[in-house]
Amino acid sequence: MKKIEAIIRPEQFPLLRTKLEEVGINGLTVSEAAGCGQQRGRQGVFRGTSYEIKLLPKVKVEMVVEEEFVDEIVQIIQSTCSTNTVGDGKIFILPVENAIRIRTGESGKEAIL
Ligand SMILES: Nc1ncnc2c1ncn2[C@@H]1O[C@H](COP(=O)(O)OP(=O)(O)OP(=O)(O)O)[C@@H](O)[C@H]1O
Ligand SMILES: [Mg+2]
C-alpha cells in the first residue's frame, strides 16, 4: 500500500474530488494547509525588495491505495490540478505498512477497499 499526499490549489479540489469518485476512490482525508515552495510564497508579481516568506493557502489530500492504482491516481491529480503556473503543488508517495478498519478489525487491502 502507498499513501498519496497531494498539496494542491484549493480551487482545484472540487474537480479532483469528482474525478477521483469516477474511478472509485472514496476514502480520502482532506486538510486545509498553508505552505510555500521554491518561490517562497511569492506569486508571480515582483514585490520590490521584500524577501518575506509568505505561506499560501493550499489543500492537502491524502489517500491510501493499493500500489497498482498509484500511477493512475497521480495522472488524475496532475491533469486536474495543473494550471501550468507556479504554485500548482506537489504529489508525494509514501510507503504504508498497514491499515486497519476499526469497526471490523480487517487489515491490509481489505481495510482500504
Ligand atoms: N519540499 C516540499 N515539502 C513539503 N511541502 C512542499 C514542498 N514543496 C512544496 N510543498 C507544498 O506544496 C505547495 C505548493 O508548492 P509549489 O507548487 O509552489 O512547489 P514549487 O516547488 O515551488 O513548484 P513551482 O515552481 O511549480 O511553484 C507549497 O505551498 C507547500 O505547501
Ligand atoms: Mg512554487
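Data table
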{"item": "Calculated FRET value between Leu94 and Glu22, using beta carbons and R₀ = 22 Å, to 0.05", "result": "0.35"}
{"item": "Exposure ranking of Met1, Met63 by accessible area [1.4 Å probe, largest first]", "result": "Met1, Met63"}
{"item": "Accessible surface of the chain, 1.4 Å probe, proportion on carbon and sulfur as whole %", "result": "51 percent"}
{"item": "Under 27 Å from the Cα of Lys3 - lysines, other chains or at least 8 residues apart", "result": "Lys19, Lys58, Lys60, Lys90, Lys109"}
{"item": "Among Arg17, Arg42, Arg103, residue whose mean-square fluctuation peaks in a GNM of the chain (springs only between Cα atoms under 10 Å)", "result": "Arg103"}
{"item": "Interchain or long-range residues, amide H under 5 Å from Ala33's placed H", "result": "Lys58, Val59, Lys60"}
{"item": "Amide proton proximity set for Arg42, modelled H, under 5 Å, gap of 5+", "result": "Lys54"}
{"item": "Within the chain, helix-based [θ] at 222 nm, where runs of 4 or more DSSP H residues each add -39,500 (n - 2.57), nearest 500", "result": "-6500 deg cm²/dmol"}
{"item": "Pairwise FRET efficiency - Val30 versus Arg103, Cβ, R0 = 22 Å, nearest 0.05", "result": "0.55"}
{"item": "In degrees, nearest ten, helix 13-22 long axis to first principal axis of the chain (Cα)", "result": "30 degrees"}
{"item": "Helix 70-81 vs. the chain, principal-axis angle (Cα, 0 to 90°, nearest 10)", "result": "40 degrees"}
{"item": "Per-pair calculated FRET efficiency, R0 = 35 Å: Ser79 and Leu113 via Cβ, rounded to 0.05", "result": "0.90"}
{"item": "For the chain: relative contact order, % (alpha-carbon pairs under 8 angstrom, 6 or more apart)", "result": "43 percent"}
{"item": "Residue-by-residue Karplus 3J(HN,Hα) for region 55-67, coefficients 6.51, -1.76, 1.60, Hz, glycine and proline x", "result": "9, 9, x, 9, 10, 9, 10, 10, 9, 9, 9, 5, 3"}
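The values are calculated or read from the model by the stated rules, or taken from the named source; none is laboratory data. Fair warning: this is a prediction, and the values are worked out from it, not measured in the lab. As a convention, Cβ positions derive from the backbone with ideal geometry for all residues, glycine included, and neighbour counts pool all protein chains shown. We work out accessible area using only protein heavy atoms, side chains counted, and drop any ligands, DNA or RNA first. Shrake-Rupley method; radii C 1.70, N 1.55, O 1.52, S 1.80 Å.
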